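Scroll down for the structure; my scribbles are underneath it.
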Amino acid sequence: MQSNISLNASRSSAIEINKVLKNTYMLLSMTLAFSAVTAGVSMAMGFSHMAALVMMLGAFVLLFVVNKKADKASGIFWIFAFTGLMGASLGPMLSYYAAMPNGTSLILQALGGTALIFFALSGYALTSKKDFSFMGGFLMVGLIVVLIAAVANIFFAIPAVSLAISAVIIMIMSGLILFDTSRIIHGGETNYIRATVSLYLNIYNIFVHLLHLLGVFGGDD
């Protein structure tokens with residue numbers, strides 16, 4: 001009797017986890033597509049870097065709203081508002097790279113590289129079923145250190161440090177893809193809106209910093 005109860009509970013848990021995974025990847029694909037649209041609109045309208053900064057700050061505020069509303073139906077609206085602003089804030093940066101002789105190629109390479117990193121790491125976490133929760137503390141410390149370094153480099157403006165920061169951020173975000181996917185698989189994250197936000201930010205940051213590195217090593221930055 002006890003074993004049947006445990007088996008039923010295990011099946012229910014597995015069904016719930018699969019539901020969260022399915023909803024997360026569906027919402028993630030939709031928000032990424034929406035971000036691509038708003039980025040294109042931003043480029044077409046010729047938004048300035050100052051406008052991009054304002055939109056980024058607005059998105060930062062909305063991030064708190066999304067987390068607060070994640071358990072409600074309105075959470076869907078807020079996550080699209082958040083990712084829409086995040087996408088639009090990329091417009092000026094994408095316009096800058098697109099104006100380079102090989103700019104379109106750089107952007108496509110960054111998109112392809114980001115997709116490859118995400119699918120490879122997420123796929124590994126899904127197939128291996130390994131628990132990557134042990135990485136949480138290390139990744140958090142890494143984020144704090146790189147944030148301090150980024151703020152310091154605003155004043156020192158050392159190109160080599162900027163490159164190093166971008167490389168480290170890509171590694172940290174790659175680790176967070178494993179960590180966040182693992183949390184969903186093992187029931188640590190049961191809200192697909194919060195799970196989507198986490199993975200979206202990982203992908204967003206990998207793309208931005210991979211594009212920065214490609215721009216520099218492409219000799220046109």
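The values are calculated or read from the model by the stated rules, or taken from the named source; none is laboratory data. The shown structure was predicted, so the numbers you read here are calculated from the model rather than taken from an experiment. Cβ sites come from the backbone with ideal geometry, for glycine too, and all protein chains shown count toward neighbours. Side chains included, ligands, DNA and RNA excluded: accessible areas come from the protein's heavy atoms. Shrake-Rupley method; radii C 1.70, N 1.55, O 1.52, S 1.80 Å.
Checking Gly40 against (1) open to solvent by 40 Å² or more (accessible area, probe 1.4 Å); (2) under 21 Å from the mean Cα position of the chain (by Cα); (3) farther than 24 Å from Arg183 by Cβ, which single condition isn't satisfied?
Just one mismatch for Gly40, condition (1).
Exactly one condition in (1) among the hydroxyl-bearing types (Ser, Thr, Tyr); (2) over 13 Å from the mean Cα position of the chain (by Cα); (3) modelled with pLDDT of 95 or more is not met by Ser174; state its number.
(2)
With the structure loaded, tell me whether Asn102 is out of contact with any strand residue (DSSP E or B) (no Cβ under 9 Å at 6 or more places or on another chain) and open to solvent by less than 40 Å² (accessible area, probe 1.4 Å) or whether it fails that test.
No; evaluated as a whole, the condition is false for this residue.
When you scan region 131-145, do you find a residue that is assigned to a helix (DSSP H, G or I) and within 18 Å of Leu28 (Cα to Cα), even just one?
Checked region 131-145: no residue is assigned to a helix (DSSP H, G or I) and within 18 Å of Leu28 (Cα to Cα).
Quick one: in region 45-77, of everything that is touching a residue at least 40 places away in the same chain (Cβ under 8 Å) and over 21 Å from Met30 (Cα atoms), which residue is least open to solvent (accessible area, probe 1.4 Å)?
That would be Ala52.
Could you please find all residues in region 192-202 being open to solvent by less than 20 Å² (accessible area, probe 1.4 Å) and either of a type in the set (A, V, I, L, M, F, W, C) or over 9 Å from the mean Cα position of the chain (by Cα) (or both)?
Listed by number, the residues that qualify are Ile193, Ala195, Val197, Leu199.
Among the candidates Ser174, Ser166, Ser182, single out the residue that is hydroxyl-bearing (Ser, Thr, Tyr), farther than 26 Å from Thr24 by Cβ and either open to solvent by less than 20 Å² (accessible area, probe 1.4 Å) or touching a residue at least 40 places away in the same chain (Cβ under 8 Å) (or both).
Testing whether each residue is hydroxyl-bearing (Ser, Thr, Tyr), farther than 26 Å from Thr24 by Cβ and either open to solvent by less than 20 Å² (accessible area, probe 1.4 Å) or touching a residue at least 40 places away in the same chain (Cβ under 8 Å) (or both) leaves just Ser166.
Considering every residue within region 81-99, establish whether at least one is open to solvent by 90 Å² or more (accessible area, probe 1.4 Å), of a type in the set (A, V, I, L, M), modelled with pLDDT of 95 or more and in a helix (DSSP H, G or I).
For region 81-99, residues open to solvent by 90 Å² or more (accessible area, probe 1.4 Å), of a type in the set (A, V, I, L, M), modelled with pLDDT of 95 or more and in a helix (DSSP H, G or I): absent.
Please work out if Phe77 is more than 29 Å from Gly215 (Cβ to Cβ), in a helix (DSSP H, G or I) and under 18 Å from the mean Cα position of the chain (by Cα).
On the way: more than 29 Å from Gly215 (Cβ to Cβ): yes; in a helix (DSSP H, G or I): yes; under 18 Å from the mean Cα position of the chain (by Cα): no.
No; evaluated as a whole, the condition is false for this residue.
Could you look through region 146-163, keep only residues that are open to solvent by 60 Å² or more (accessible area, probe 1.4 Å) and not in a loop (DSSP other than H, G, I, E, B), and pick out the one that is modelled with the highest pLDDT?
Ile148
Name, by its number, the condition in (1) under 10 Å from the mean Cα position of the chain (by Cα); (2) free of Cβ contacts under 8 Å to residues at least 60 places away in the same chain that does not hold for Phe217.
Against the list (1) under 10 Å from the mean Cα position of the chain (by Cα); (2) free of Cβ contacts under 8 Å to residues at least 60 places away in the same chain, Phe217 comes up short only on (1).
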